[in-house]
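Notes follow the structure.
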Amino acid sequence: MVTLQTSMEFIATLSCALFAGAAVYINVVEHPARMSCDTEVATTEWAPSYERATWMQAPLAVVGFVSAVIAWLAGSSVSWLIGGVLLGLVVPFTLVVIKPTNKRLLSSDLDKRSEETRKLLDKWNVLHGVRTALSVLALILFLADR
């Protein structure tokens, strides 16, 4: 019989793996590909990509966090709590640290051909890398505890 603890570990691991995989893909494949284009094209492509990814990644982070905490409360090791917190941290990190960069990149008064825009896109990738690192660390903790 599958227990609450096992179910929550599975959901946390699956959510985290999907989040981490998408985050790695964005940093390693998608963003470098968009940056190989001129700045205007890169910025134009970034906006819809960012908006689509938000609707996928935010729920994965929240579900992964909540299920990891429930797994820990149900008897899993502290690795599940730590991993859940690491994954959950991507939400406030995004809202507090990355959001100003996102907001500027989405601004209608931004010159999409400017050096400022190119620097904002580079900064965004570095900041997104923090989200990637947090989710990969969480996934390692989840998998190491199996």
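Just a few scattered comments:
- Each peptide in 113-120, 63-70, 88-95, 7-14 receives the mean, over its residues, of other Cβ atoms within 10 Å, and ordering these scores from highest gives 63-70, 7-14, 88-95, 113-120.
- Placing R0 at 30 angstrom, the Cβ-Cβ distance between Leu143 and Lys123 gives a FRET efficiency of 0.45 after rounding to 0.05.
- Rolling a 1.4 angstrom probe over the protein heavy atoms with all chains in place gives the chain an accessible area of 54 Å² per residue.
- Each label was represented as a point 7 Å from its Cα along the Cα-to-Cβ direction; for Lys112 and Trp55 these points are 2.0 nm apart.
- Each of Val91 and Ala74 was given a label point 7 Å from its Cα along the Cα-to-Cβ line. The distance between the two points is 1.9 nm.
- Our coupling estimate for region 89-105, obtained by passing each phi through the Karplus curve with A = 6.51, B = -1.76, C = 1.60 and θ = phi - 60°, is 4, 5, 5, x, 4, 5, 5, 9, 9, 7, 3, x, 5, 4, 4, 5, 5 Hz, Gly and Pro reported as x.
- Share of alpha-carbon pairs per 10 Å distance bin for the chain, given as whole %: 12, 39, 27, 15, 6, 1
The values are calculated or read from the model by the stated rules, or taken from the named source; none is laboratory data. For clarity, every value in this text was computed on a predicted model and none was experimentally measured. All Cβ positions, glycine included, derive from the backbone under ideal geometry; neighbour counts span all protein chains shown. When the accessible area is computed, the model is the full protein with side chains, heavy atoms only, and any ligands, DNA or RNA have been set aside. Shrake-Rupley method; radii C 1.70, N 1.55, O 1.52, S 1.80 Å.
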